[in-house]
């Protein structure tokens, strides 16, 4: 919450939507926990997630304007995935090795969360939840 307050303080209440993308803010705890688990710079994991979020937002306006969803998916596969791979994933790998961005101290010790580990859901359950909206 302090991160959101700081960003809104910098950008102001009227320009709060420019301060952050809500989807990325929701993903930050996952990004930080993956960075903690596997090590390395947070950029290594955050840049591909930010790129995927940007591509998703690029497809939202045409969908809302009544574009053919099948054509949109085909264009996404042909154009957006290679752009994400080159501009976000590969750049994230490069930037993650070049610039060390540690997990913020603000989050406290992530090792405390390790004590409260539950059995993760199966791969099939995760894929079902992810693919269910497409069905």
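The values are calculated or read from the model by the stated rules, or taken from the named source; none is laboratory data. This structure is a prediction, so every number in the text was calculated from the model and none was measured. Don't worry about glycine lacking a Cβ; one is built from the backbone with ideal geometry, like all the others, and counts go over all protein chains shown.
Quick notes on this one:
- Filtered residue count, the range 94-116, keeping only those that are modelled with pLDDT of 65 or more, under 19 Å from residue 27 (Cα atoms) and outside any helix (DSSP H, G or I): 4
- Candidates 35, 50 - the one that is under 9 Å from the mean Cα position of the chain (by Cα) and modelled with pLDDT of 80 or more: 50
- Taken over the range 64-80, residues that are surrounded by 13 or more Cβ atoms within 10 Å (Cβ to Cβ) and either at positive phi or free of Cβ contacts under 8 Å to residues at least 24 places away in the same chain (or both) amount to 5.
- Residue in the range 69-81 that is under 19 Å from residue 33 (Cβ atoms), out of contact with any strand residue (DSSP E or B) (no Cβ under 8 Å at 6 or more places or on another chain) and at pLDDT 85 or above present: no
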